[in-house]
Amino acid sequence: MIKCQKHLFNLDDDEYYLNCAYKSPLLKKGELLAINAIKKERTPSYLKPNNYFEISEEIRKEFSKIIKSKKDEVAIMPSSSYGFANIFNNINSNGNKAIVVENEFPSGYFSVKKWCSKNNIQLEVVERDKLSAKEWNKKIINSIDSNTSLVLISSIHWMNGTKFDLKEIGEKCKANGTYFIVDGTQSVGAMSMDVKDFKIDALICAGYKWLFGPYSMALGYFSSKFSDGIPIEESWMNRTNAQDFSNLTEYDSKYKPMAGRYNVGETTNFILSPIMLNGLNQINSWGINNIESYCKKLSEIVINELSPLGIAFENENYFTSHLFSLGLPDHLNLLSFKNILEEKKIRVSVRGTNLRVSINVFNDEKDINKLVETVKEFI
Ligand SMILES: Cc1ncc(COP(=O)(O)O)c(C=O)c1O
């Protein structure tokens, strides 16, 4: 297993940053690469035509390793909402309902809602009520039938980390001719993802959390169902002759193969791309399994120390080690507790009724013990 990787970051010593689900800290190397990239902007003559494409291709390749797809099935975008816009631009309704789960992230929720209104489709929100995670997953699976056009779901619940049975949901979708669209923002990079095994049709991930990328860059997977689709914008870069700068007005009607057509215009952001590529390289060199076991080791300390005191955690089969919620007793005020944590520079998030803790390889036992100690004092 890997050791703590804090030395690769510039986090302040007195910060207990348990908030990677909010935004990842910048890797030291990413910072240097971005500074160098800015310096290069002083004199654009260094830029050769291939520089407009090369780093983007590397980003697509490194991300494809993480999600177990092909490079050409990956697109580079500025946000998850941009990815959803491309997806929904290319789905024809073949049923009368679409499914999301309760409290889906707004970028996905509003994208589905808009598509449903446009196509006169009913939007079914599968509520958890008081169900266990297992029963909730069953309810989601049971709600998919031959009238379901699509399911949009986050790979884990973004507010509290509850796991979804992606493989079973994917199989049920496939059997019913239902599109399976996944927002992987809060798990891809920290937990294994296999788009083929889960039969995912499209996967979108914002880059600035578990992928150690910059803000304003997202990555997506588009299955063969989208290979002949129409992108929401017409960028010259997405045409097959784009590399040939002197002949761009020999207008080429062909898009780049597969997901290449969904790359955002000006795909290669010269300053942000090095940060993104470095984040992906770093993840691939740590290895997802190592990241998972590292977070498991730290989260187990929290569970072992706090469950005897009445703090509730998700059932172990549906618990995510890198992102979870501390179920405080009802009489305790969440926001007051969050303020106490803030005063001590323990960074977590409140999302709905959840006190969301999220950890990664830059955290150590000192961070975890500080949190545990403070919870113990508070309760
Ligand atoms: C599940 C999930 N999806 C997407 C995003 C970001 O959305 P966007 O890229 O549209 O800003 C977040 C941010 O917190 C998120 O938690």
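Any chance region 7-14 includes a residue that's buried (at least 18 other Cβ atoms within 10 Å of the Cβ), in contact with a strand residue (DSSP E or B) (Cβ under 8 Å, 6 or more places away or on another chain) and modelled with pLDDT of 95 or more? Checked region 7-14: at least one residue is buried (at least 18 other Cβ atoms within 10 Å of the Cβ), in contact with a strand residue (DSSP E or B) (Cβ under 8 Å, 6 or more places away or on another chain) and modelled with pLDDT of 95 or more.
Does region 196-204 contain at least one residue that is closer than 19 Å to A85 by Cα, of a type in the set (V, I, T) and within 16 Å of the ligand (Cβ to nearest atom)? Scanning region 196-204 turns up at least one residue that is closer than 19 Å to A85 by Cα, of a type in the set (V, I, T) and within 16 Å of the ligand (Cβ to nearest atom). Cβ-Cβ distances below 6 Å connect the following pairs, each with a first residue in region 10-28 that is of a type in the set (F, W, Y), a second residue that is away from the ligand (no atom under 16 Å from the Cβ), and a separation of six or more residues or different chains: Y16/K345; Y16/I346; Y16/D367; Y16/K370; Y17/L11. For region 317-337, the condition of being of a type in the set (D, E), within 28 Å of the chain's Cα centre (by Cα), surrounded by fewer than 19 Cβ atoms within 10 Å (Cβ to Cβ) and not in a strand (DSSP E or B) holds for none of the residues.
Hey, any hits in region 23-38 for a residue that's more than 23 Å from G229 (Cβ to Cβ) and within 15 Å of the ligand (Cβ to nearest atom)? Please lay out each step first, then the result.
The initial filter retains those residues of region 23-38 that are more than 23 Å from G229 (Cβ to Cβ), namely 23-38.
Then keep just the ones that are within 15 Å of the ligand (Cβ to nearest atom); that gives 23-24.
Yes, there is a match, as at least one residue in region 23-38 is more than 23 Å from G229 (Cβ to Cβ) and within 15 Å of the ligand (Cβ to nearest atom).
All conditions but one from (1) outside any strand (DSSP E or B); (2) of a type in the set (S, T, Y); (3) under 25 Å from the mean Cα position of the chain (by Cα) apply to S149; the one that does not is (1). Pairs linking a residue in region 78-95 that is under 14 Å from Y109 (Cα atoms) to a residue that is surrounded by fewer than 18 Cβ atoms within 10 Å (Cβ to Cβ), with Cβ atoms under 7 Å and 6 or more positions apart or on different chains, are A85/I232.
Name the helices (runs of 4 or more DSSP H) wholly within region 51-119 that hold at least 2 residues that are farther than 28 Å from I288 by Cβ and out of contact with any Ser or Thr (no Cβ under 7 Å at 6 or more places or on another chain)? Write out each step before concluding.
Working: elements: 54-67, 80-88, 106-119.
Passing ranges, in order: 106-119.
Any residue at all in region 281-296 that's within 22 Å of F84 (Cα to Cα), at pLDDT 95 or above and polar (S, T, N, Q)? Taking every residue of region 281-296 in turn, none turns out to be within 22 Å of F84 (Cα to Cα), at pLDDT 95 or above and polar (S, T, N, Q).
Residue-by-condition table, conditions (1) closer than 15 Å to A259 by Cα; (2) surrounded by fewer than 19 Cβ atoms within 10 Å (Cβ to Cβ):
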{"site": "N89", "(1), (2)": "yes, yes"}
{"site": "N92", "(1), (2)": "no, yes"}
{"site": "I99", "(1), (2)": "no, no"}
{"site": "P106", "(1), (2)": "no, yes"}
{"site": "K113", "(1), (2)": "no, yes"}
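For N86, the criteria (1) within 16 Å of the ligand (Cβ to nearest atom); (2) at positive phi hold in every case but one, which is (2). Scan region 101-117 and tell me whether some residue there is farther than 23 Å from F198 by Cβ, more than 16 Å from the ligand (Cβ to nearest atom) and without any contact (Cβ under 8 Å) to a residue 40 or more places away in the chain. Yes, that holds for at least one residue. Scanning region 340-356 for residues that are more than 25 Å from the chain's Cα centre (by Cα) and either in contact (Cβ under 8 Å) with a residue 24 or more places away in the chain or assigned to a loop (DSSP other than H, G, I, E, B) (or both) turns up I340, L341, K344, K345. Tallying residues that are out of contact with any strand residue (DSSP E or B) (no Cβ under 6 Å at 6 or more places or on another chain) and either closer than 21 Å to S149 by Cβ or not in a loop (DSSP other than H, G, I, E, B) (or both) within region 177-198 yields 3.
Of all residues in region 31-56, those that are under 25 Å from the mean Cα position of the chain (by Cα) and not assigned by TED's automatic domain parsing to the domain that holds N160 total 4.
Residues considered: G260, G265. Of these, the only one that is within 25 Å of the chain's Cα centre (by Cα), assigned to a helix (DSSP H, G or I), at pLDDT 95 or above and not acidic (D, E) is G260.
Quick one: how many residues across region 153-173 are part of a helix (DSSP H, G or I) and surrounded by fewer than 20 Cβ atoms within 10 Å (Cβ to Cβ)? The total comes to 3.
Quick one: which of Y221, Y179, Y251, Y255 is touching an Asp or Glu at 6+ places or on another chain (Cβ under 6 Å) and more than 16 Å from the ligand (Cβ to nearest atom)? Walk me through how you get there before you give the answer.
Working: Y221 fails: more than 16 Å from the ligand (Cβ to nearest atom); Y251 fails: touching an Asp or Glu at 6+ places or on another chain (Cβ under 6 Å); Y255 fails: touching an Asp or Glu at 6+ places or on another chain (Cβ under 6 Å).
None of the other options fit; the residue is Y179.
Flag: F362 does not match the condition of being farther than 26 Å from F212 by Cβ and either assigned by TED's automatic domain parsing to the domain that holds N304 or surrounded by 21 or more Cβ atoms within 10 Å (Cβ to Cβ) (or both).
The values are calculated or read from the model by the stated rules, or taken from the named source; none is laboratory data. Since the model is a prediction, treat every value here as computed from it, not as a measurement. Every residue, glycine among them, receives a Cβ derived from its backbone with ideal geometry; neighbour counts consider all protein chains shown.
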